[in-house]
């Protein structure tokens with residue numbers, strides 16, 4: 001079991017690097033913060049679970065060689081990248097199209113938690129940068145004493161767990177200020193801001209040329 005992880009000096013470097021990379025805001029973090037601001041901490045935490053599952057899917061994909069496909073095929077990378085960007089724009093458009101009845105009601109109409117989870121999963125899963133990141137990052141910490149696929153899976157699980165903790169912190173912090181956005185005067189602004197964030201993030205993702213990490 002211990003062969004699945006590198007020696008402690010290398011493992012500690014992996015943990016530190018993972019933490020630093022996890023706290024850098026990316027599509028998943030911005031999705032979580034927006035859900036928390038617009039709908040409260042419960043939705044934020046549910047979105048954390050969805051994003052974590054999507055990131056885990058990317059880690060597993062990298063372990064079985066999907067990242068290698070992205071690395072050699074710009075078409076495959078572009079298809080998934082633009083699919084994710086379009087989905088983000090769709091989420092923003094849906095939020096901006098909220099009816100006046102929804103916005104002016106005393107209690108905002110909540111998006112079902114199942115859909116919040118699904119959207120977070122899709123946002124994370126359709127970010128090929130995460131898969132490419134895993135493919136480039138994890139091999140630096142692999143030990144020759146165990147099969148590389150199982151090692152990369154173990155380290156991928158560990159990275160996703162670290163990211164889930166930092167993402168939860170973002171969700172809880174954003175949830176503290178969420179009640180202010182539920183007041184009648186601020187609710188419309190909150191939905192417009194959230195929709196604008198999703199659309200802007202989708203456009204940024206589509207135009208970004210870098211294949212860096214989340």
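Bear in mind that the values in this text are calculations on the coordinates, not laboratory data. On a predicted model such as this, the values are computed, not experimentally measured, just so you know. Ideal geometry is used to build each Cβ from the backbone, glycine not excepted, and the neighbour counts take in all protein chains shown.
Taking 0.36 nm per residue of sequence separation and removing the Cα-Cα distance, the residue 203/residue 12 pair yields an extension gain of 65.1 nm.
Stretching the chain fully between residue 192 and residue 73 yields a gain of 39.1 nm (0.36 nm per residue, less the alpha carbon separation). When you count the other C-beta atoms within 10 angstrom of each residue and take the mean per peptide, 11-23, 162-174, 30-42 line up highest first as 30-42, 162-174, 11-23.
Computing FRET efficiency as 1/(1 + (r/R0)^6) for residue 64 and residue 145, where r is the C-beta to C-beta distance and R0 is 25 Å, gives about 0.75.
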